[in-house]
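Coordinate-derived values only; no laboratory data. Since the model is a prediction, treat every value here as computed from it, not as a measurement. FYI the Cβ positions are ideal-geometry reconstructions off the backbone, even for glycines, and counts take in every protein chain you see.
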Amino acid sequence: MNARFEISWTRMRADQEDANIVGLDGDVWLPYALDGAPASRLRPYLILGVGYHRYYGETSVLDEEGTDNGARSLNGGLALVYNLTRRTELVATARYRYFSWDAPDDDEGQPGDGANATATSFSIGLQQLF
């Protein structure tokens, strides 16, 4: 039961908007263990992190003229890790991302309205430890 650090590249496609969001996330996986509980092959984790993403294409989320296409994200989630063997894990995650875009100042120096969006993802996979 150790904390983990993960860097990941993400590509999300919004078919109804004909847009892509791509970027990098840095997440910390914090183990959750009950004091005095015996070691288990099944381990829960809390996932917290941040990211930087860019959108490409047309989207109604960013309809503000001149909106910067660079977004920051706050990430949160839960993971369950099960050791199949000593070096192979089955991993299931549920993640939530909150994206925030800024808009440039208008001609009078007033800040423009930015935009925000959310994304939820679920995944199941195998990890090989080295």
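Summing Lys, Arg as +1 and Asp, Glu as -1, what charge do residues with Cβ under 9 Å from the Cβ of H53 carry, H53 excluded?
With Lys, Arg at +1 and Asp, Glu at -1, the net is +2.
Which of the peptides 85-94, 121-130, 46-55 is most tightly packed, and how do the rest follow, going by the mean number of other Cβ atoms within 10 Å of each residue? Before the final figure, lay out the partial values.
Details: 85-94: 13.0, 121-130: 9.0, 46-55: 17.4.
Highest-to-lowest ranking by the protection proxy: 46-55, 85-94, 121-130.
3J(HN,Hα) along the range 86-101, derived from phi through the Karplus expression 6.51 cos²θ - 1.76 cosθ + 1.60 where θ = phi - 60°, amounts to 5, 10, 10, 10, 9, 10, 10, 10, 10, 10, 10, 10, 10, 9, 9, 10 Hz, with x in place of Gly and Pro.
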